[in-house]
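One structure is given below, encoded as structure tokens.
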Amino acid sequence: MLLFLSVPQPRPPGAGTRAGAARVARWRRRRLRLQQLRRLRGLLRGLRRRPGTGSRRRGRMALCGQAAGAASLPSELIVHIFSFLSASDRLRASASCSHWRECLFYPALWPQLRICLRVSPAEQPRLEFLMRKCGWFVRELRVEFAAENYLSGGGGPGDGGSADTGTGGEEVEALQLSSRWLEVLRTYLELVLCVLVSIRNNRNLQKFSLFGDISVLQQQGSLSNTYLSKVDPDGKKIKQIQQLFEEILSNSRQLKWLSCGFMLEIVTPTSLSSLSNAIANTMEHLSLLDNNIPGNSTLITAVELERFVNLRSLALDFCDFTAEMARVLTDNNHVPLQRLSLLVHNVSVMHKSLDNMPNDEHWKALSRKSTNLRVYMMAFDIKSEDMLKILKPSIPLERIHFDSYITCVSGAIVDLISRQYDKFLSHFILMNDVIDTSGFPDLSDNRNEDPLVLLAWRCTKLSLLAIHGYTVWAHNLIAIARLRGSDLKVLEVTEESIDFDQGELADQDVDPVHNLIEQVSLGLGQPWHAVMDIESLSVFTEPNRHFYREMQSFSEDI
């Protein structure tokens, strides 16, 4: 049995003199800390005991001691304990009591905030609460807006969800679809405003990333302003969003990372002028991706780029990356650029010229300036003749992603890539989102060797290969797995893209599908199977989002 006796505390020496007043105050603070430590020790002792192992009275004492100790923990200690919990566990713990809830949003607990939001009215109050608590002090903010699948089962174009095929049914279906699109877009603008308003006065912001799901305005792969003009006819909300974005840039004092992708004209050609020269000189990453800029206007010019002398990573629309920009990046006063992500979109190519793009000599100069420069390129519905102009031999191309809805990639382009970029290429994604799955194009037509097999043979650093919408013969898939072996970390091929020779199908003793899985697994040195559900992979279903996320990790991996 432990007895705690109350003993009169001795007075510190000099307590009766005026000179010892400060010493008395320090002594009292020390005694208070000692009492807090004793209470914490009692709490820990109560947690170690199990009520079932001793007497019933001891169990009750332990539980009472636990409750009393938890209520009396100082805020600093609670914040320190919260720092070991995940974000979701912190939110659950904050529901215990008001004292813990006050400690939850201590700035040290939320140095970074990464949010992926469904564009839904139900998300708005949650976002407002979170941004009201953290928006004024968060140092790293990354927000992704994801439109809900409002077309699923609801009569989207070509989904076959409606049983009424008459003219009246189509009109009702189109009206319902239009109202859903308007509601999604209206909510989308409100969520963007909520984020920007909450951080307008945050001077501690160091990394700021925004991604918007432009599928709410897409029709057959191109961007339409029809619904935007209905939701915001006078353009007041768009102007307010643009002004808030410029205000955030002008108020920033520590910003080093700025990334904005597909955000419905949130960035204008004059937005970057709001940045002070001091912030522009220290910026390390800049990403401006928006293929909805009308005419020949660009989000950044070569003159504006001269201020960003410390830039190590850059992501732009390919048509905005001119030969003059390449010359600016090779100047001696600029640090070597290490990551360059380029979006080649058919909308930009149609409205802007490729005449001002860097030639092979500019790429050679960039590579000499930075031996670690690597390029990530994504091409949306680009014709083969345009790709032949774009793919200069001296580009240090490490990753390339083709996404097509109308124009297919030819075998000659794949063969050119495997010959020119065999020293750098590590990621190759080939997607063709066609409606008729019975007629996938065959890259090996009229060729002695399959271009994909040659790609695996020549590109010794290839670690990711993803294919959908192109015919991949089973024996070629086995050859790819054997050539690259365990170095090929990711091999994703959809089931409908795989085809078998007649000889393989005629062999009654061997199941061709089982044999394919077995041989590819042996070649890769790990279990493998074809992609059965394309909806489970964002690289196929959400190419914009996949490119943006890969660009972020590609730039962070410096």
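The values are calculated or read from the model by the stated rules, or taken from the named source; none is laboratory data. Because the structure is predicted, anything quoted here is derived from the model rather than measured. Virtual Cβ from ideal backbone geometry, glycine too; neighbours counted across all protein chains shown. Side chains included, ligands, DNA and RNA excluded: accessible areas come from the protein's heavy atoms. Shrake-Rupley method; radii C 1.70, N 1.55, O 1.52, S 1.80 Å.
Every residue, every condition in (1) within 24 Å of SER418 (Cα to Cα); (2) within 31 Å of the chain's Cα centre (by Cα), yes or no:
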site: LEU491; (1), (2): yes, yes
site: ILE498; (1), (2): yes, yes
site: ASP509; (1), (2): no, no
site: GLY523; (1), (2): yes, no
site: VAL531; (1), (2): no, yes
site: GLU556; (1), (2): no, yes
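Among residues belonging to the range 253-262 that are within 21 Å of the chain's Cα centre (by Cα) and either in a helix (DSSP H, G or I) or not aliphatic (A, V, I, L, M) (or both), point out the one that is surrounded by the fewest Cβ atoms within 10 Å (Cβ to Cβ). Among them, the one singled out is LYS256.
Looking at the range 347-365, can you tell me whether even one residue there is touching a residue at least 60 places away in the same chain (Cβ under 8 Å), in contact with a Phe, Trp or Tyr (Cβ under 7 Å, 6 or more places away or on another chain) and closer than 21 Å to PHE540 by Cα? No: the range 347-365 contains no residue that is touching a residue at least 60 places away in the same chain (Cβ under 8 Å), in contact with a Phe, Trp or Tyr (Cβ under 7 Å, 6 or more places away or on another chain) and closer than 21 Å to PHE540 by Cα.
Screening PHE318 on (1) out of contact with any Leu (no Cβ under 6 Å at 6 or more places or on another chain); (2) open to solvent by less than 10 Å² (accessible area, probe 1.4 Å); (3) in the same structural domain as GLN552 (by the TED database) shows it passes everything except condition (1).
Looking across SER341, SER274, SER313, one residue alone is open to solvent by 10 Å² or more (accessible area, probe 1.4 Å), of a type in the set (Ser, Thr, Tyr) and in contact with a Phe, Trp or Tyr (Cβ under 9 Å, 6 or more places away or on another chain). It is SER274. Filtering the range 105-143 to residues that are touching a strand residue (DSSP E or B) at 6+ places or on another chain (Cβ under 8 Å), in a loop (DSSP other than H, G, I, E, B) and open to solvent by 50 Å² or more (accessible area, probe 1.4 Å) leaves PRO111, ARG139.
Evaluate the range 348-369: report whether one residue or more is assigned to a helix (DSSP H, G or I), surrounded by fewer than 16 Cβ atoms within 10 Å (Cβ to Cβ) and of a type in the set (Asp, Glu). So far as the range 348-369 goes, yes, one or more of its residues are assigned to a helix (DSSP H, G or I), surrounded by fewer than 16 Cβ atoms within 10 Å (Cβ to Cβ) and of a type in the set (Asp, Glu). Among the residues here, ARG90 does not qualify as charged (D, E, K, R) and within 24 Å of ARG549 (Cβ to Cβ).
Being at pLDDT below 95, under 30 Å from the mean Cα position of the chain (by Cα) and over 30 Å from HIS285 (Cα atoms) is a condition met by at least one residue of the range 536-550. Taking the range 89-124 as the range and being of a type in the set (Gly, Ala, Ser) and closer than 22 Å to LYS207 by Cβ as the test, only ALA108 passes. Total residues in the range 231-252 satisfying the condition of being out of contact with any Ser or Thr (no Cβ under 8 Å at 6 or more places or on another chain), open to solvent by less than 50 Å² (accessible area, probe 1.4 Å) and part of a helix (DSSP H, G or I): the figure is 6. Here ASN332 meets each of (1) more than 30 Å from ILE406 (Cβ to Cβ); (2) in contact with a strand residue (DSSP E or B) (Cβ under 6 Å, 6 or more places away or on another chain); (3) part of a loop (DSSP other than H, G, I, E, B) with one exception, condition (2). With respect to the stated conditions, GLY485 is on the phi > 0 side of the Ramachandran plot and either in contact (Cβ under 8 Å) with a residue 40 or more places away in the chain or part of a loop (DSSP other than H, G, I, E, B) (or both). Give the number of residues within the range 526-558 that are open to solvent by less than 70 Å² (accessible area, probe 1.4 Å) and more than 22 Å from LEU288 (Cβ to Cβ). Final tally of qualifying residues: 9.
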